[in-house]
Each structure stands twice: as C-alpha cells, then as structure tokens.
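Heads up, the thing below is written out as structure tokens.
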Amino acid sequence: MRALFFTPHFPKHHSIKKIHQNIFCLGIGGNMGDCFRTFKNLVLWFEKNPRFMLISTSPIYQNPAFGFEKQPDFYNATLLIATKESLNFVFHLIFYLERKFKRPRKRPFKNSPRTLDIDLLFFNDKKIKYPHLKLPHPYWNQRESVIIPLLLQNLNYKE
C-alpha cells in the first residue's frame, strides 16, 4: 500500500537563519514500533538542539518494503537541516540517533525491519566517494521512498 500522511511535524517549514553554514538532507525510514512517534521525536530532537536549524520536512510516505519484502510497509520522510557542524560530525551523529531511537547496532540481515533508518542524502553540494560514505547518497534517485518525499517537501517549501 502507498499513502501520504500529513501530521503537525510532517510537513513542517522554517526560514533559514544565515548563521548556519551547512545544509544537509536526511532520508528517514522505519517499519517497527510507532514510526510516527519516532519521526516526531527525531524532529523534536533537532528542534531542541541549538546546533541545528530544522528547515523543512516532507509528509510521511507509506510504501512497500524492498529487498526483503515479507515485512511490514515502511514509512519514510525527508528532513532538510542547517548547521555549523562539519560533515564528519553529522555523519557520526546519524549513528548516535539511530541507537538513541532503539535501532540495534547489528541487523539480523540486510533490509531487515527497523525502528529508524537514517540516510545522509546530501551535505551542501559535496561529492564524495569513500568506502563508508558516498555523497550524494548513491541510490537517492532510484528509491521511491526518497524521491516522493523529496518532491513533496520541495513543492511545499517556500523560504
């Protein structure tokens, strides 16, 4: 099943403050537990943290799992965030946040169900190809779970 959900936190838009130098985009997803609550709490975490300025979020998009398909549908959204922090800081923060929101460090298998998956889609206009990090995310334009939230986020965002 495919569906869109509009909540008080998805979509959400704020003006960009000039003090933030870096802008990055996260793709978030999950299909275990209360994904709406997890996503809301992630947004609130960014809003409460003075190191970050949440610029906008997409609606939440429900879509079938890919890879391992015999699991519940996924819920996905995108977040656009500004910060003074470095790419390295943001990259490590993603792993911290996944653990904070109860994603186990090791997955039982690739594409297994999870409470929260966070992908760094873009960081400014950087193009990087390291074994552990590729920017922009190498599959962002091949995944419906990223393309649709990004399109809807961009359609609704007005600075």
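Using a 1.4 angstrom probe, figure out how much accessible area region 22-98 has per residue, in square angstrom, rounded to the nearest whole. Mind dumping the intermediate values first?
Details: 3130 Å² over 77 residues.
For region 22-98, the solvent-accessible area averages 41 Å² per residue.
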With the 8 Å Cα cutoff and a minimum separation of six or more residues, region 1-101 has a relative contact order in percent of 39
Where a ≥ b ≥ c are the square roots of the eigenvalues of the C-alpha gyration tensor, would you call region 109-153 rounded, which needs a/c under 1.5, or, failing that, prolate if a/b is larger than b/c, or oblate?
oblate
How much of residue 2 can a 1.4 Å solvent probe reach, expressed as accessible area in Å² and rounded to 10?
140
What pairs from 70/134; 70/126; 48/70 go past 32 Å between their alpha carbons?
70/126; 48/70
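How big, in percent, is the set of alpha carbon pairs in region 28-141 lying more than 17 Å apart?
Values: 3697 of 6441 pairs.
The proportion of pairs with Cα distances above 17 Å equals 57 percent.
The values are calculated or read from the model by the stated rules, or taken from the named source; none is laboratory data. Computed from a predicted model, the values in this text were never measured in an experiment. Calculation scope for accessible area: heavy atoms of the full protein, side chains included, ligands and nucleic acids excluded. Shrake-Rupley method; radii C 1.70, N 1.55, O 1.52, S 1.80 Å.
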